[in-house]
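Participant: Below you will find the structure I want to go over with you.
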Amino acid sequence: MEPAKYVFALMIVGLLSAKPTYAQNPAEGQKLYVTYCASCHGDTGKGNGAAANALPVKPADHTNGAEMNRLTDKFLREIISKGGPAVGKSSMMPGWGSNLTDRQVSDLVAYIRSIAQPPYKASAK
């Protein structure tokens, strides 16, 4: 194979194997939050959902920016996808990875970031 054709073939393989990129959508994340998160974390994210009183550990208050802003997006994606035990948190936090796509998980992260006060500012790492 000619070198130019080889390079072109490698570029095509690289493009086909790359994960798609897209903007996070907090509005879509809010819809998912109501379905998957609100029963424990509450409609407004304060950790006071209808099921919260029955849990041995209080669900996270997603509006508490002092706490939430210390967590990385990677951490939030992991806990949403794989559940609490995957990141050393409560086993009462289920993993939703079999129910949600990567895009939906990212949308949830965007929504959770949008309700924290003070607002989240991504680091320039």
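The values are calculated or read from the model by the stated rules, or taken from the named source; none is laboratory data. Keep in mind the model is a prediction, meaning the values are calculated, not measured. Areas reflect the complete protein model, heavy atoms only, side chains present, ligands, DNA and RNA absent. Shrake-Rupley method; radii C 1.70, N 1.55, O 1.52, S 1.80 Å.
Participant: Taking 0.36 nm per residue of sequence separation and subtracting the Cα-Cα distance, how much length would be gained by fully extending the chain between Thr35 and Asn69, in nm to one decimal?
Facilitator: 9.9 nm
Participant: For the stretch 52-125, what does the alpha-carbon gyration tensor say about shape, rounded, prolate or oblate, given a ≥ b ≥ c as the root eigenvalues, a/c under 1.5 as rounded, and a/b over b/c as prolate?
Facilitator: oblate
Participant: Here is a follow-up. Using the Karplus equation 6.51 cos²θ - 1.76 cosθ + 1.60 (θ = phi - 60°), what ³J(HN,Hα) coupling, rounded to whole Hz, does each residue of the stretch 32-38 give in order, writing x for Gly and Pro?
Facilitator: Those phi angles translate into 5, 4, 4, 6, 9, 10, 5 Hz.
Participant: Would you pull out the residues with amide H under 5 Å of Asn64's amide H, same chain only if 5 or more places away, H placed 1.01 Å from N?
Facilitator: Those qualifying (amide H under 5 Å, at least 5 residues apart or on another chain) are Gln117.
Participant: Something else about it: For the stretch 58-122, what is the accessible area per residue in Å² when the probe is 1.4 Å?
Facilitator: 55
Participant: Please turn the phi angles of the stretch 68-78 into ³J(HN,Hα) values with the Karplus equation 6.51 cos²θ - 1.76 cosθ + 1.60 (θ = phi - 60°), one per residue in order, whole Hz, x for glycine and proline.
Facilitator: 5, 6, 7, 8, 7, 4, 4, 4, 5, 4, 5
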